Amino acid sequence: MRFLVITNAPTLKENDSYVAYEPYVREMNIWSKYVDDMVIVSPTKYDGKLLTLSFNKQPLVVSLKGLQFNSFNKVISSLLSIPLIFFKLFKECRKADHIHLRCPGNIGFIGCIVQIFFPKKMKTAKYAGNWDPKAKQPLSYKFQKWILSNTFLTKNMQVLVYGEWKHQTKNIKPFFTATFNNSDRETPIKRDYSGDLKFVFIGSLVEGKRPLLAIQIIEALHKEGIPVYLDVYGDGVLKALLEKYISDNKLEKTVTLYGNQPKEVIKETLKTAHFSILPSKSEGWPKAIAEPMFFGVIPMATSVSCVPYMLDFGNRGILMEADLNKDVIQIKEALKDKIRLETMSKKASNWSQNYTLEVFETEISKLINH
């Protein structure tokens, strides 16, 4: 089987091997187990920092020009590039046995249009963003969702989305992602919620994740005499701002920035943490919520995308409002009921441990062989 991947994620050449963003590569390594050849059509240049990993099965790569629309010159250049990108995608789709789109994204946008011309080809699409029909999103995202859902334009397609949503077409399939193996399953330790409370924030230090709000919530709880501590894992453009805020407000003993850390370091931290906190503006299937839950960490997250579903609408965690005062009051109230917190912790781990890499791989194999 010739498996075609159309993606915005850059595929880079390092030491005679192709590499890409690590979490994406780990997933594609699973897909590639069940195909003969994997062809990736994507940009092949990237100027920023990227945590990369080499593909287990080296793909054939067709290079595209990345599309950018954040300046006048880039808009003109990108618009002129679209016909050639369309042609390359069409050419590769003709040769493919299975077309796999990675959405949302600029290249995925064009891929959504090209796939219409191949109604008999086997197709899947991984929609890694927020599928909530009520979410405020860019028009290009809404257009991709509309095409993928439309059973007249898009045939023989399974669109993998995060969460379960009402009134969806037969194209849409609720899905998930995973990080840990069956062998990682263990009974979480019983936490003591009456002493020091360890919070963790895992994610990019960018405006969309609201790391500053997470720190401010911990600061407010600390000022009220609650023994809370926050470990922050991740890097990003807000790092310097956060460091200054921590210094200016003398929070060095309360908040610690660890930067990006290996999976095993994060895993050991999660085994003893009490709460994870993620007041983000938008999510797909947030691993920063699912991974802590695996080890009994109680999640605190904003009610976006499929997060309410993941937290069972408040039974497996605390749904935040991204309002400092309201969230502090809600957390203080939750801390009063130690028995309920213990129950939440158990429910969180029981649910998250259903979604292991082995289960994920089984579901992917079904998609390829359907």
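The values are calculated or read from the model by the stated rules, or taken from the named source; none is laboratory data. As the structure is a prediction and not an experimental result, all values here were calculated from the model. Cβ coordinates were reconstructed from backbone atoms using ideal geometry, including for glycine residues, and neighbour counts include every protein chain displayed. Please note that ligands, DNA and RNA were not included when accessible areas were found on the heavy atoms of the full protein model with its side chains. Shrake-Rupley method; radii C 1.70, N 1.55, O 1.52, S 1.80 Å.
If you check 352, 305, 345 for being modelled with pLDDT of 95 or more, farther than 20 Å from residue 231 by Cα and either open to solvent by less than 30 Å² (accessible area, probe 1.4 Å) or of a type in the set (Asp, Glu) (or both), only one passes: 352. So which residues in the stretch 1-11 are buried (at least 18 other Cβ atoms within 10 Å of the Cβ) and assigned to a strand (DSSP E or B)? Within the stretch 1-11, 3, 4, 5, 6 meet the criteria. For the condition among the hydroxyl-bearing types (Ser, Thr, Tyr), under 23 Å from residue 370 (Cα atoms) and touching a residue at least 40 places away in the same chain (Cβ under 8 Å), residue 34 qualifies. For the stretch 90-100, state whether one or more residues are in contact with a Cys (Cβ under 9 Å, 6 or more places away or on another chain) and either surrounded by 13 or more Cβ atoms within 10 Å (Cβ to Cβ) or part of a helix (DSSP H, G or I) (or both). Yes, the stretch 90-100 has at least one match.
Here residue 56 meets the list (1) within 22 Å of residue 369 (Cβ to Cβ); (2) more than 18 Å from the chain's Cα centre (by Cα); (3) outside any loop (DSSP other than H, G, I, E, B); (4) not charged (D, E, K, R) almost entirely, failing just condition (3).
Applying a threshold of 9 Å to beta carbon distances and a minimum spacing of six or more residues, or different chains, the list of pairs starting in the stretch 75-90 at a residue that is more than 15 Å from residue 115 (Cα to Cα) and ending at one that is loosely packed, with under 14 Cβ neighbours inside 10 Å and hydrophobic (A, V, I, L, M, F, W, C) reads 75/69; 78/69; 79/69. For the stretch 111-147, the set of residues classified as buried (at least 19 other Cβ atoms within 10 Å of the Cβ) and under 21 Å from residue 28 (Cα atoms) consists of 111, 112, 115, 122, 123, 124, 125, 126, 127, 128, 129, 130, listed by residue number. In the set 232, 265, 237, only one residue is open to solvent by 10 Å² or more (accessible area, probe 1.4 Å) and within 14 Å of residue 203 (Cα to Cα); that residue is 237.
Count of the stretch 253-268 residues, restricted to those that are more than 27 Å from residue 51 (Cα to Cα) and touching a helix residue (DSSP H, G or I) at 6+ places or on another chain (Cβ under 6 Å), is 1.
Set side by side, the residues 242, 205, 213, 197 differ, and just one is open to solvent by less than 30 Å² (accessible area, probe 1.4 Å), in contact with a strand residue (DSSP E or B) (Cβ under 8 Å, 6 or more places away or on another chain) and within 27 Å of residue 136 (Cα to Cα), which is 205. Which one is farthest from residue 217 (Cα to Cα) among residues in the stretch 302-336 that are of a type in the set (A, V, I, L, M) and within 14 Å of the chain's Cα centre (by Cα)? This residue is 310. The selection criterion, being under 27 Å from residue 130 (Cα atoms), in a strand (DSSP E or B) and hydrophobic (A, V, I, L, M, F, W, C), holds for residue 40.
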